[in-house]
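Please read the structure below before turning to the comments.
The values are calculated or read from the model by the stated rules, or taken from the named source; none is laboratory data. These numbers were taken from a predicted model, which means no experiment stands behind them. Every residue, glycine among them, receives a Cβ derived from its backbone with ideal geometry; neighbour counts consider all protein chains shown.
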Amino acid sequence: MRELTTTTTARGREPRGRPVACLVALAALILGVATAYAVDPTQLPDPALQERYLALTHELRCMQCQNEAIADSPVSLAADLRREVRDMLLAGKSDEDVRNFMVARYGDFILFRPRFNARNAWLWMAPGVLLLVGALVFVRIVQQRSALVSEDNEPLEEDARS
């Protein structure tokens, strides 16, 4: 009965599928992690320039991924933008020059921290205005309810029955 429940290969040996599958999965995991580890291996000659490069690439948004910085995005557009930032920094441009160039080319959306201007002023002021409106509504409701309490001189229903 035992011979019927086990499977054998054509050569009469039992299959070794589980250890092989584990080794293949482990190799895929190691190789996958190694390729995903470094998206941007760019190294600039000056440490201060490298620091500026990293700061700029982390504050510019990838236009294809839209919620990822160009430093973290593996798409080719982000690689082109990183190359453009590197070239501008090596050419002696300031951080503000790089930001202005990117905004002129792609719009304010490329910046994770958009600038305050007339087009997006409502975005910056809306939280304060909504908080102020909420506070005024709260004060108004409290005043109306406190006025109702001072006008109410009738006894409670329980007091009226006794």
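At-a-glance table
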| quantity | calculated |
| --- | --- |
| Hits in region 108-137 (condition: surrounded by 10 or more Cβ atoms within 10 Å (Cβ to Cβ), of a type in the set (A, V, I, L, M) and not in a helix (DSSP H, G or I)) | LEU111 |
| One residue from ARG105, ARG145, ARG52 being free of Cβ contacts under 8 Å to residues at least 12 places away in the same chain, of a type in the set (Lys, Arg) and surrounded by 11 or more Cβ atoms within 10 Å (Cβ to Cβ) | ARG105 |
| Filter result (of a type in the set (Gly, Ala, Ser) and either at pLDDT 90 or above or closer than 12 Å to ASP40 by Cβ (or both)) within region 77-109 | ALA78, ALA79, ALA91, GLY92, SER94, ALA104 |
